[in-house]
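J.: After the structure tokens below, expect a handful of questions from me.
The values are calculated or read from the model by the stated rules, or taken from the named source; none is laboratory data. Note that the structure is predicted; figures quoted are calculated from it, not measured. Using ideal geometry, Cβ is built from the backbone for each residue, glycine included, and neighbour counts are taken over all protein chains shown. Quick note on the areas: whole protein, heavy atoms, side chains included, nothing else; ligands and nucleic acids left out. Shrake-Rupley method; radii C 1.70, N 1.55, O 1.52, S 1.80 Å.
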Amino acid sequence: MTTDLAVPAPAHDHLDVPAAQLRSAELEEAIRKDPGRFRVLTGDRPTGRLHLGHYFGTLHNRVRLQDMGVEVFVLIADYQVLTDRDVAERLTEYVEDLLLDYLAIGVDPERSTIFAHSAVPALNQLLLPFLSLVSTAELGRNPTVKDEIAHSSQASVSGLMFTYPVHQAADILFCKANLVPVGQDQLPHLEIARTIARRFDNRYGDGGAPVFPEPEALLSVAPLLLGTDGTKMSKSRRNAIALSASADETAKLIRGAKTDAERRITYDPVARPEVSSLVLLAALCLDRDPHEVAEEIGDRGAAALKQVVTEAVNDRLAPIRARRTEYDRDRGFVRKVLREGNRRANAIADDTLHEVRAAMKSLY
Ligand code: TRP
């Protein structure tokens with residue numbers, strides 16, 4: 001029996017990160033030359049308000065790409081959080097929080113499309129033919145899923161969790177995005193999307209242009225920002241500074257941040273992770289070199305460092321927070337942005353599904 005599943009999938013355990021970095025540099029160059037060639041899809045799970053780790057890790061990059069002239073689709077992955085009961089109960093609130101954060105950081109609904117995947121039926125229908133193109137063994141090997149499962153508080157793995165890389169492939173391929181800005185941890189997911197695009201063409205292609213282009217990863221070098229307790233910044237650990245926090249809340253969080261006993265401030269992420277993360281945070285907010293920032297504080301100690309960080313964060317976030325407050329007063333507009341984004345996404349998904357059904361000879 002020859003099946004499309006026989007088309008080799010990349011060995012996920014040997015993902016070539018340096019190659020992806022090299023390719024990303026080439027892509028950056030290509031974007032600068034001709035941004036109109038690219039369509040980006042990225043997204044987040046609605047699990048609450050976004051924080052500074054998200055901002056410097058990915059959010060900032062989306063706005064940068066949008067402002068360079070790339071067409072950007074931002075997905076609110078509301079189906080993907082259904083496995084988490086606590087989130088599911090507050091889904092509407094979390095989705096609106098995400099919308100407010102996006103608008104506040106400068107995602108422009110005139111140029112970019114913000115949508116929720118549960119509102120786009122044709123996108124979700126792609127899941128069925130796509131599921132036929134991957135084996136359960138391949139899904140079981142996916143390191144990101146393994147990791148999610150390992151960290152999940154659920155007693156068992158749901159089918160939704162197990163198949164979520166395939167869902168993610170539908171998220172990307174429905175709009176034929178050719179560029180997906182991701183961190184290293186998402187590379188295996190992108191490989192599955194590429195594999196599905198290829199296998200779909202092998203099984204149903206007529207030798208002409210493939211229905212789905214193979215999307216490429218644009219690796220972002222996410223700076224390692226720690227939470228205020230020195231562990232990974234995460235909302236659930238209460239160690240994150242939310243974009244929407246007030247200036248006073250921010251000052252309080254930073255005042256309580258973990259440092260060390262050495263008076264002289266230096267930037268040395270390996271030997272002094274907590275102090276260095278604070279220095280890095282100030283440097284990112286100020287668009288400056290962390291070594292210089294540390295040097296300037298010198299032996300004025302942790303209290304001075306915290307002062308500098310608090311001011312840098314609050315200055316950087318002030319315009320974002322002001323915009324967020326404005327949009328917060330106009331929830332009608334915010335909901336309209338999502339409805340309009342959903343409408344655009346549906347029009348594209350309907351066309352793609354039509355093409356898919358034509359390729360599958362199932363247009364009756
Ligand atoms: N899985 C991503 C996360 O954990 C969210 C996401 C869903 C996504 N679909 C996507 C990201 C498609 C990029 C492309 O945050």
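J.: When a/c reaches 1.5 or more, the comparison of a/b and b/c decides; with that in mind, is region 32-134 rounded, prolate or oblate per its Cα gyration tensor?
T.: Since a/c reaches 1.5 but b/c is at least a/b, the shape of region 32-134 is classed as oblate.
J.: Over the chain, what relative contact order in percent results from Cα pairs under 8 Å that are six or more residues apart?
T.: 21
J.: Within region 220-258, name every residue whose backbone N is under 15 Å away from a label modeled 7 Å from Cα of Ala322 along the Cβ vector.
T.: Correct set: 247.
J.: Pull out the extension gain between Gln184 and Val221, defined as 0.36 nm times the separation in residues minus the alpha carbon to alpha carbon distance; nm, one decimal.
T.: 12.5 nm
J.: Mean-square fluctuation check for the chain, GNM, Cα pairs under 10 Å: which of Val309, Val157, Val279 is largest?
T.: With Cα springs under 10 Å in the chain, the top fluctuation among Val309, Val157, Val279 is at Val157.
J.: In the structure shown, do any of Lys232/Lys252; Lys33/Lys232; Lys33/Lys235; Lys146/Lys252; Lys176/Lys232; Lys146/Lys235 have a Cα-Cα gap over 28 Å, and if so which?
T.: Lys33/Lys232; Lys33/Lys235; Lys146/Lys252; Lys176/Lys232
J.: Restricting to DSSP loop positions (anything but H, G, I, E, B) with no more than 11 other Cβ atoms inside 10 Å of their own Cβ, which GluC sites (Glu not before Pro) remain in region 106-206?
T.: For GluC sites (Glu not before Pro) across region 106-206 that sit outside H, G, I, E and B with at most 11 neighbouring Cβ atoms in 10 Å, the list reads Glu110.
J.: Any idea of the accessible area per residue across the chain, 1.4 Å probe, to the nearest Å²?
T.: With all protein chains present, the chain gives 48 Å² per residue.
J.: Separate question: Let me check against my output: what whole-number percent is the relative contact order of region 97-188, with C-alpha pairs under 8 Å and at least 6 apart?
T.: 32
J.: Let me make sure I get this right: for region 247-328, a, b and c are the square roots of the gyration tensor eigenvalues over alpha carbons, sorted descending. Under 1.5 in a/c it's rounded, otherwise prolate if a/b > b/c, else oblate. Which is it?
T.: prolate
J.: Could you state the number of Å between the C-alpha centres of region 14-61 and region 262-291?
T.: Region 262-291 and region 14-61 have Cα centres separated by 24 Å.
J.: From the square roots a ≥ b ≥ c of the eigenvalues of the alpha-carbon gyration tensor of region 88-215, which class results: rounded (a/c under 1.5), prolate (a/b over b/c), or oblate?
T.: Cα axes put region 88-215 in the oblate bin.
J.: Sticking with this structure for a sec: Run the numbers on region 281-335 and let me know its relative contact order in percent, using alpha-carbon pairs under 8 Å that are six or more apart.
T.: Once divided by the residue count of region 281-335, the mean separation gives 34 percent.
J.: For the chain, take the longest principal axis of its alpha carbons; what is the angle in degrees between that and the long axis of helix 187-204, to the nearest 10 within 0 to 90?
T.: It works out to around 10 degrees.
J.: Counting only protein heavy atoms and using a 1.4 Å probe, what share of the accessible area of the chain belongs to carbon plus sulfur, as a whole percent?
T.: 52
J.: Test of the criteria: in region 296-364, which trypsin sites (Lys or Arg not before Pro) are in a DSSP loop and have at most 11 other Cβ atoms within 10 angstrom of their Cβ?
T.: Arg329, Lys361
J.: Also: Can you list residues from other chains, or at least 5 along the same chain, whose modelled amide H is less than 5 Å from the amide H of Val182?
T.: Leu218, Leu219, Ser220
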